[in-house]
Amino acid sequence: MQTTIESMFDNAENRYLELEELNILTTYVESLPERIDAYRCLRDQEVTIMQKVADQLETNFSTESQQTLERCLKNALLVMRYAAMAMLRNDAESLDRQLMGWLTETNAVYNTQTIDTVLYQLLNQQLGSILTQAQLTLFRPHLAIAEKAIVEPNKTTVVA
Amino acid sequence: MISISDLLIDNRIPSNYFASDTYVKGDLELGLLENRRGDRLLALPSTLIEGMYAGLKQETGQASGMVLFNCGLWWGKNFYARFCEELTEYYRTAVADMPMVEFLQNLKQCWTTHGWGRIELDQSYYDRGFIMVKVWNSPFAKFAENATTPSCFLESGVLTSFFSQLTGRDLKCVQTTCESMGADCNQFVIGLIKRMKPAEEMVAQGLNHDDIMAQLQN
């Protein structure tokens with residue numbers, strides 16, 4: 001659940017929620033079926049879409065070691081899972097707090113930005129073929145945060 | 001050919017084990033704070049740290065630093081064992097087989113999640129036999145009053161034990177700057193015991209960090 005709603009519940013310790021607060025809650029609840037559908041789609045199609053990305057990545061980087069490509073793909077799988085959960089909860093901060101600080105520092109050591117750039121282009125193409133426009137609108141902002149942190153680590157500030 | 005199914009062992013990919021959201025749990029009805037595998041955690045009141053410092057100073061005078069350092073050694077010995085145990089269990093790989101970058105990244109996250117401040121490791125002196133560690137927002141520096149010398153003795157002890165066990169060598173950690181003396185962060189230098197002896201003397205003489213490092217490398 002998004003941080004705003006969590007803190008709203010906490011703040012309403014001994015009072016009823018204000019009308020404005022109830023509207024925020026209603027908006028989130030009304031968006032939940034779409035969020036759950038998108039989450040289910042990403043979960044069910046995980047292996048299929050990532051396999052297509054992996055196949056293309058191997059073609060594009062045929063001289064790169066399998067270990068390096070596998071590391072990039074594993075990180076992308078992680079990012080997708082965390083981003084999907086962040087979308088479900090509408091909580092971009094959780095992605096930053098739980099994964100990105102940790103992942104970007106580790107990733108920086110391996111210097112795989114060139115591979116990651118192509119990987120995320122391929123991934124975005126695949127997402128366009130499995131998610132509806134409405135679902136993409138919900139999911140893409142979360143993935144974009146992660147993508148930027150990995151592909152352009154020097155231009156991104158993440159909470160360590 | 002890469003198989004995505006093969007990358008997903010038991011449909012899991014280990015990630016940030018010490019992430020605070022998932023690491024710290026609580027059964028508040030029983031009065032327990034726990035980590036994610038059920039080991040007990042304690043919230044240490046800042047006044048207790050102040051009280052320990054004051055009590056030790058009163059009872060042992062100048063030896064209080066040595067007492068705290070020895071407490072840190074004991075803490076570090078157990079901390080290292082538990083840290084490795086948790087990583088091995090979670091990543092399903094021996095610590096010796098884990099990439100050093102992931103091991104150190106976990107140490108940093110672990111340190112932060114436990115509220116001991118933010119820790120950074122600087123390996124630029126590694127080829128000259130020293131490991132540099134920086135800690136910001138240390139709770140152990142914050143409560144040292146009117147310090148004239150670095151006062152994170154507990155951390156020095158922990159880091160001594162931790163890196164001695166990690167490297168399999170008898171190392172010593174010496175603190176060269178301290179937040180309690182107005183420094184931006186707490187800096188620690190770790191190296192072989194005999195090489196660190198002069199550093200202890202230079203700290204006692206009040207030399208600054210850069211001068212100490214310059215002389216240590218001579």
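The values are calculated or read from the model by the stated rules, or taken from the named source; none is laboratory data. These figures come from a predicted structure and were not determined experimentally. Don't worry about glycine lacking a Cβ; one is built from the backbone with ideal geometry, like all the others, and counts go over all protein chains shown.
For the list (1) exposed (fewer than 15 other Cβ atoms within 10 Å of the Cβ); (2) closer than 30 Å to B:Thr47 by Cβ, I need the number of the one condition that B:Gly168 fails. The failed condition is (2). None of A:Ala149, A:Ala108 is closer than 30 Å to B:Trp136 by Cβ, small (Gly, Ala, Ser), surrounded by fewer than 15 Cβ atoms within 10 Å (Cβ to Cβ) and within 14 Å of chain B (Cβ to nearest Cβ) except A:Ala108.
Any residue at all in the range B:27-49 that's among the β-branched types (Val, Ile, Thr) and either in contact (Cβ under 8 Å) with a residue 60 or more places away in the chain or within 14 Å of chain A (Cβ to nearest Cβ) (or both)? Yes: the range B:27-49 contains one or more residues that are among the β-branched types (Val, Ile, Thr) and either in contact (Cβ under 8 Å) with a residue 60 or more places away in the chain or within 14 Å of chain A (Cβ to nearest Cβ) (or both).
Here B:Leu121 does not qualify as among the aliphatic types (A, V, I, L, M), part of a helix (DSSP H, G or I), under 15 Å from the mean Cα position of the chain (by Cα) and under 27 Å from B:Ser46 (Cα atoms). Out of the range A:106-149, which residues are over 15 Å from the mean Cα position of the chain (by Cα) and not in a helix (DSSP H, G or I)? Selection gives A:Asn111, A:Thr112, A:Thr132.
Residues in the range B:1-47 that are exposed (fewer than 11 other Cβ atoms within 10 Å of the Cβ), in a helix (DSSP H, G or I) and aliphatic (A, V, I, L, M): B:Ile9, B:Leu28, B:Leu30. Of all residues in the range B:102-124, those that are within 14 Å of B:Ser15 (Cβ to Cβ) and at pLDDT below 90 total 0. Only residues that are modelled with pLDDT of 95 or more and hydroxyl-bearing (Ser, Thr, Tyr) were counted across the range B:139-161, and they come to 3.
Out of B:Val158, B:Val189, one residue alone is in contact with a Gly (Cβ under 9 Å, 6 or more places away or on another chain) and not basic (Lys, Arg). It is B:Val158.
Restricting the range A:60-105 to residues that are within 26 Å of B:Glu120 (Cα to Cα) and of a type in the set (D, E, K, R) leaves a set whose member that is surrounded by the most Cβ atoms within 10 Å (Cβ to Cβ) is A:Asp96. Just to be sure before I move on: is B:Ala214 modelled with pLDDT under 95, assigned to a helix (DSSP H, G or I) and not charged (D, E, K, R) in the structure I sent? Against the criterion (modelled with pLDDT under 95, assigned to a helix (DSSP H, G or I) and not charged (D, E, K, R)), B:Ala214 qualifies. Screening the range B:187-207 for residues that are over 21 Å from the mean Cα position of the chain (by Cα) and of a type in the set (A, V, I, L, M, F, W, C) and picking the one that is surrounded by the most Cβ atoms within 10 Å (Cβ to Cβ) gives B:Met202.
Taken over the range B:131-152, the criterion of being under 11 Å from the mean Cα position of the chain (by Cα) and either surrounded by fewer than 22 Cβ atoms within 10 Å (Cβ to Cβ) or in a helix (DSSP H, G or I) (or both) is satisfied by B:Lys134 alone. The residue that is farthest from B:Tyr90 (Cα to Cα), among those in the range B:19-34 that are of a type outside the set (D, E, K, R) and touching a strand residue (DSSP E or B) at 6+ places or on another chain (Cβ under 9 Å), is B:Leu32.
The requirement of being out of contact with any Leu (no Cβ under 9 Å at 6 or more places or on another chain), without any contact (Cβ under 8 Å) to a residue 60 or more places away in the chain and not in a helix (DSSP H, G or I) is fulfilled nowhere in the range B:78-93; no residue meets it. Restricting the search to helices (runs of 4 or more DSSP H) fully inside the range A:1-86 and requiring at least 2 residues that are under 23 Å from the mean Cα position of the chain (by Cα) and within 12 Å of chain B (Cβ to nearest Cβ) gives A:3-11, A:46-60.
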